[in-house]
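The values are calculated or read from the model by the stated rules, or taken from the named source; none is laboratory data. Here the structure is a predicted model, which means the values were calculated and not measured. Cβ placement follows ideal geometry from the backbone for every residue including glycine, while neighbour counts extend to all protein chains displayed. Calculation scope for accessible area: heavy atoms of the full protein, side chains included, ligands and nucleic acids excluded. Shrake-Rupley method; radii C 1.70, N 1.55, O 1.52, S 1.80 Å.
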Amino acid sequence: MTSGEAEGSRISLRETTGDLAFVDFPDLAQVLEPVRFGDTVTIDNSNALAAQTYHRHQVPAAEFTVWDQYRNPDGTPALPQRPFLAGPIFTQGASGVLQTGSSTAR
């Protein structure tokens, strides 16, 4: 909420169906009670977009050829890169090992 009595309050949007918005908030009534017609809100989907496109900014080593679509002809990443690769951390946390694609057991 960016104006009015509820200014500074945040509500997470869970989903939309048609012209209805469904939100997640433990005490929604407390947040929405002070909202009045004409108050303004900011809708920010940057976290959702970042999650959907993070792989473009996490280009691994050249042996991972599926990422060639995100490389320039000289092999450098075509888009700005994050300071470290989060993919291997996510993989190890989810599976317990860092998968290599090699069929040789180590």
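Considering only the range 25-72, state which residues are touching a residue at least 40 places away in the same chain (Cβ under 8 Å) and of a type in the set (S, T, N, Q).
The first filter runs over the range 25-72 and keeps only residues touching a residue at least 40 places away in the same chain (Cβ under 8 Å), leaving 41-42.
Scanning the range 25-72 gives a single hit, Thr42.
What number of residues within the range 67-106 are within 21 Å of the chain's Cα centre (by Cα) and open to solvent by 80 Å² or more (accessible area, probe 1.4 Å)? Write out each step before concluding.
Initial filter on the range 67-106 (within 21 Å of the chain's Cα centre (by Cα)): 67, 69-70, 77-95.
Those still in the list that are open to solvent by 80 Å² or more (accessible area, probe 1.4 Å) too: 69, 80, 82-84, 89-90, 92, 94.
Residues that pass the stated criteria total 9.
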Being surrounded by 13 or more Cβ atoms within 10 Å (Cβ to Cβ) and not β-branched (Val, Ile, Thr) is the filter here, so list the residues in the range 49-59 that pass it. Tyr54, His55, Arg56, His57, Gln58
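Does at least one position in the range 45-59 carry a residue that is in contact with a His (Cβ under 7 Å, 6 or more places away or on another chain) and not in a helix (DSSP H, G or I)?
Of the range 45-59, the ones in contact with a His (Cβ under 7 Å, 6 or more places away or on another chain) are none.
No, there is no match, as no residue in the range 45-59 is in contact with a His (Cβ under 7 Å, 6 or more places away or on another chain) and not in a helix (DSSP H, G or I).
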Can you tell me which residue in the range 13-31 is farthest from Asp44 (Cα to Cα), limited to those that are assigned to a strand (DSSP E or B) and aliphatic (A, V, I, L, M)? Leu20
Can you name the residue in the range 37-48 that is under 19 Å from the mean Cα position of the chain (by Cα) and of a type in the set (Ser, Thr, Tyr) and is also most open to solvent (accessible area, probe 1.4 Å) among such residues? Thr42
Of the conditions (1) touching a residue at least 24 places away in the same chain (Cβ under 8 Å); (2) open to solvent by 60 Å² or more (accessible area, probe 1.4 Å), the single one that Gly4 does not satisfy is (2)
By residue number, the members of the range 1-30 that are aliphatic (A, V, I, L, M) and more than 25 Å from the chain's Cα centre (by Cα) are Ala6, Ala29
